Each structure stands twice: as C-alpha cells, then as structure tokens.
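Please treat every number below as a calculation from the coordinates, not as lab data. Just so it is clear, the model here is predicted, and its values are computed rather than measured. Cβ atoms come from the backbone with ideal geometry, glycine included; neighbour counts cover every protein chain shown.
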C-alpha cells in the first residue's frame, strides 16, 4: 500500500511537534506493516509554481489560444503539475496534514 502524505510546514523537524508526531506515526506504521510505502510531499520544500491563465489554457486547452507558445516557466509549471498528479494517482491513501493554531482551526 502506498500512502501519500502532503504537508506544508516551514519548521525543521526538531522544532515541529507535528513533524515529529507524523514521523513517529508513519515510522511505527511501516514497522508494523512493512508493505506500506510512504511518499512525503512538503509544499514548503517543493512549492507549486504560479500558473498564469495562459499556462492553464496551454495545459488544459492547447487548441484554444491560437499561436500561443509556452515559456520555460510554463513548461516548468506543467511538469510540476504532471509530476504531482502522477504521485497523487499512484497513492492508495491520501493524508493531508494541516497546521492548526488554536484560534485558526475550526471543525468542519
């Protein structure tokens, strides 16, 4: 089983209780279930690039903007999106970890 763990936390692990808790949890999970594979995606280490409207159109509707040629930034943004879509699609389980301060986190 492959688990995709997505999080965004700028703190180093030694200063982050949530990173330490996640590392302990996933470490124990893998110890108890050796067939489990964890894929970590830290959006602070690998932030998504900005997608302009033109890039979005080139990615999803390349025939709609006649004569538009993608830039290097567009190509990088599209490669990032494709890479992360492949990671997402290959996962069996998705874990999204959010930072919740006491006054900012509300139950849904």
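Annotation for residue 81 and residue 31: the two label points, set 7 Å from Cα along the Cα-Cβ direction, are 4.2 nm apart.
The angle between the Cα long axis of helix 17-32 and the main principal axis of the chain comes to about 80°, on a 0 to 90 degree scale. What the Kirkwood sum gives for segment 4-62 is a hydrodynamic radius of 14.0 Å, with every pair of different alpha carbons counted. Looking at the chain alone, DSSP beta bridges between its own residues are antiparallel in about 0 percent of cases. Computed across the chain, the Kirkwood hydrodynamic radius from all distinct Cα-Cα pairs reaches 16.5 Å. Relative to the dominant Cα principal axis of the chain, helix 72-90 is inclined by about 40°.
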